[in-house]
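Computed from the coordinates by the stated procedures, all read-outs in this text should not be read as laboratory data. Remember, predicted model here, so these are calculated numbers, not experimental data. No Cβ is skipped: glycine too gets one built from the backbone with ideal geometry, and neighbour counts run over all protein chains shown.
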Amino acid sequence: MSDAFFDAPEIPDDLFECAIHLRNNIIGLTTDGGSDVEYKLARSKLMGDPASKRLLPDFVRFSNDAASVRAALSGVASGAGSWALRRNHVNETFKPILIFLEAGGSAADATITDGITVYDAPAVQTFWAKALERRATDPEGAVTAASTLLEEVCKHIIEDSGGEWSDKWNIPKLYAEASKLLNLAPSQHQEEVFKTILGNCQSVVQSIGSLRNKGGDAHAGGRLRVPFKPRHAALTVNLAGSMALFLIETWQAKGK
């Protein structure tokens with residue numbers, strides 16, 4: 001067996017830890033530190049997992065070695081004081097995969113995370129991350145985050161369309177306004193099948209808002225408080241994420 005085998009650095013088996021290792025190594029590469037061998041090994045491990053591969057930053061997916069990474073990051077910033085900008089860029093672009101892996105995400109989580117990340121709205125990304133992080137350990141917090149995620153998406157779409165929303169509007173009202181702007185309101189369609197599907201989407205959003213009021217951690221529930229289980233939170237988060245992605249993708253398609 002070759003000496004190279006024994007000299008090869010150890011890369012974490014856990015994908016989340018591997019992603020952190022890769023991120024930190026890349027930050028080192030931006031200052032002429034880091035390791036080309038470790039970069040290749042960690043990158044190869046994550047590229048071998050389909051869900052992780054799609055969430056890796058583009059500059060990682062298309063850079064086979066340390067030299068390619070340095071070249072890609074030099075395009076982000078160069079010159080005096082540029083190290084901090086490159087480091088921030090690395091940290092920001094690694095957030096989607098770290099959020100996904102830390103939450104023990106599924107392929108569906110990866111698809112939603114990918115779509116939400118593309119939408120330039122930090123608040124939306126924050127609440128999706130909170131929903132994923134909390135669904136197994138803090139069901140009530142996850143339901144609240146899922147509900148707030150939908151609120152944020154609707155508010156952003158209304159604002160991006162040149163409209164305004166009121167602080168008094170609840171989730172059903174926000175969704176009703178956003179859906180009209182996206183031509184997703186049941187009343188805007190004639191085909192019965194589309195009216196039914198879009199009406200069910202409306203019901204899902206309304207129900208998620210009601211769940212938050214019943215058992216989320218946004219309000220005190222008193223004796224009538226509903227104790228959520230992780231499976232309830234998982235269902236709510238998955239539905240909210242799917243609806244958020246549907247709204248975002250419809251908005252993006254509308255702008256093309």
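With N denoting the number of residues in the chain, provide Rg(C-alpha) divided by 2.2 N^0.38 Å, to two decimal places.
Dividing the Cα Rg of the chain by 2.2 N^0.38 Å gives 1.19.
Using the Cα atoms as the points, what is the convex hull volume per residue of segment 63-122 in Å³?
Once divided by residue count, the hull of segment 63-122 is 112 Å³.
Which whole number in µm²/s is D for segment 123-222 by Stokes-Einstein, with the Kirkwood Rh taken over Cα pairs at 37 °C and 0.692 mPa s? Walk me through the intermediate numbers first.
Details: Rh = 14.3 Å.
Result for D is 230 µm²/s.
Run the simple label-point estimate for Lys53 and Ser82 please: 7 Å along Cα→C-beta, distance reported in nm.
Result: 3.1 nm between the two label points.
Could you tell me the extents of segment 113-158's C-alpha atoms along the three principal axes, largest first, rounded to whole Å?
So the extents along the principal axes, rounded to whole Å, are 31, 20, 12.
Anyone know which of Leu85, Leu149, Leu182 comes out most mobile in the 10 Å Cα GNM of the chain?
Leu85
Summing -39500 (n - 2.57) over the DSSP H runs of n ≥ 4 in the chain and dividing by its residue number, what mean residue ellipticity at 222 nm do you reach, to the nearest 500 deg cm²/dmol?
On the way: 13 runs with 179 residues, N = 256.
Counting only the DSSP helices, I get -22500 deg cm²/dmol.
Grab the other residues whose beta carbon is less than 12 angstrom from that of Phe62, score K and R as +1, D and E as -1, and report the net.
Once positives and negatives cancel, what remains is +1.
May I ask for the net charge around Ala234, where only other residues with Cβ less than 11 Å from the Cβ of Ala234 are counted and Lys, Arg are +1 while Asp, Glu are -1?
In short, +3.
Of Val60, Val37, Val204, which is the most mobile in a GNM of the chain whose springs link Cα atoms less than 10 angstrom apart?
Val37
Given points 7 Å out from each Cα along the Cα-Cβ axis, report the Ser210 to Asn91 separation in nanometres with one decimal.
The modelled label-to-label distance comes out at 4.3 nm.
Can you give me the orientation-averaged projected area of the convex hull built on the Cα atoms of segment 1-102, in nm²?
Hull-based average projected area comes out at 6.5 nm².
Check cross-link reach from Lys229 to the aspartates and glutamates: straight Cα distance under 12 Å, and skip same-chain residues fewer than eight apart.
Once the sequence-local aspartates and glutamates are set aside, what remains near Lys229 is Asp138, Glu140.
Just to be sure I understand: with springs between alpha-carbon atoms less than 10 Å apart, which residue in Glu191, Glu159, Glu177 has the highest mean-square fluctuation in the Gaussian network model of the chain?
Largest GNM mean-square fluctuation: Glu191.
Say R0 is 35 Å: what FRET efficiency, to the nearest 0.05, do Glu10 and Val118 get from their beta-carbon distance?
Working: r = 34 Å, r/R0 = 0.97.
Efficiency computed from Cβ-Cβ geometry: 0.55.
How large is the dipole of segment 106-256 about the Cα centre if only Lys and Arg carry +1 and Asp and Glu carry -1, each at its Cβ, rounded to the nearest 20 debye?
Numbers: 16 positive and 17 negative charges, 125 e Å.
It works out to roughly 600 debye.
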